[in-house]
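J.: The structure under discussion is supplied below as structure tokens; questions concerning it will follow.
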Amino acid sequence: MTDMIRVSSTEFGKEVGRYQDAALSQPVVVTRNGRDRTVMISADEYHRLKKRDREVLGIEDFSDADIEAVRRAKPSKEAEAFNQELSL
């Protein structure tokens, strides 16, 4: 899904069915006053993207082994580049 169709909201309103069909294979960007306003994608693509949402867990969702693994974890050498953020 790399190619996108761009269409004005006026044109989109005139040919909704055509753009719904097109959105099954590629995103349709609807513009208003020359600016991207909304994007229509297929339901399958929407559900695929929703599955990628992060799941937020509370501490109660972790097992004792998970908590211990976090407790024992050591930051990588590359993480030292962010140490200055601790003093903000």
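J.: Can you list residues from other chains, or at least 5 along the same chain, whose modelled amide H is less than 5 Å from the amide H of Gln26?
T.: Close amide H contacts, sequence-distant or interchain: none at all.
J.: Using Cα springs under 10 Å in a Gaussian network model of the chain, which residue among Ala43, Ala22, Ala73 shows the largest mean-square fluctuation?
T.: Greatest mean-square fluctuation among the candidates belongs to Ala73.
J.: Search the structure for amide H atoms under 5 Å from the amide H of Thr31, placed 1.01 Å from N in the peptide plane, and list their residues when 5 or more places away or on another chain.
T.: So Thr31 has HN proximity to Val7, Ser8, Ser9, Arg37.
J.: By DSSP, what percent of the beta bridges with both residues in segment 5-74 are antiparallel, rounded to the nearest 5?
T.: Values: 5 of 9 bridges.
Taking every DSSP beta bridge with both residues in segment 5-74, the antiparallel ones total about 55 percent.
J.: Please give, to one decimal in nm, the separation of the simple spin-label points placed at Val29 and Ala43, each 7 Å out from Cα toward the Cβ.
T.: 2.7
J.: Return the label of the correct value of Kirkwood radius over Cα pairs in Å, as calculated from the structure shown, out of [x] 12.6; [y] 16.1; [z] 17.5.
T.: Recomputing Kirkwood radius over Cα pairs in Å here picks out [z].
J.: Another question about this same structure. Compare Ser76, Ser63, Ser42 in a GNM of the chain, Cα atoms joined below 10 Å, and give the one with the largest fluctuation.
T.: Ser76
J.: Same structure, new question: With r as the distance between the Cβ atoms of Glu55 and Lys77 and R0 = 30 Å, compute the FRET efficiency 1/(1 + (r/R0)^6) and round to 0.05. Working shown, then result.
T.: Working: r = 29 Å, r/R0 = 0.96.
Efficiency computed from Cβ-Cβ geometry: 0.55.
J.: Just Arg54, Arg18, Arg72 to compare: in a GNM of the chain, with alpha carbon springs under 10 Å, which one fluctuates most?
T.: Arg72
J.: Determine ³J(HN,Hα), in whole Hz, for all residues of segment 27-37 in sequence, where each value follows from phi through the Karplus function 6.51 cos²θ - 1.76 cosθ + 1.60 and θ = phi - 60°; x replaces Gly and Pro.
T.: x, 10, 8, 9, 9, 9, 6, x, 10, 4, 10
J.: For segment 5-74, what is the charge dipole size about the Cα centre, in debye to the nearest 20, if Lys and Arg each add +1 at the Cβ and Asp and Glu each add -1 at the Cβ? Can you show the working numbers first?
T.: On the way: 14 positive and 13 negative charges, 96 e Å.
So the dipole magnitude of segment 5-74 works out to roughly 460 debye.
J.: Right, another one. Got a sec? How would Thr31, Thr38 order by Cβ neighbour count within 10 Å, fewest to most? Walk me through the intermediate numbers first.
T.: On the way: Thr31 16, Thr38 11.
Ranked by crowding around the Cβ, least crowded first: Thr38, Thr31.
J.: Return the sequence-ordered ³J(HN,Hα) values of segment 14-22 in whole Hz as given by the Karplus equation 6.51 cos²θ - 1.76 cosθ + 1.60 applied to θ = phi - 60°, using x for Gly and Pro.
T.: In residue order, the calculated couplings are 6, 9, 3, x, 4, 6, 5, 4, 5 Hz.
Coordinate-derived values only; no laboratory data. Just so you know, these numbers come straight off a predicted model, no measurement behind them. Reconstructed Cβ throughout: ideal geometry from the backbone, glycine too, with neighbour counts over all protein chains shown.
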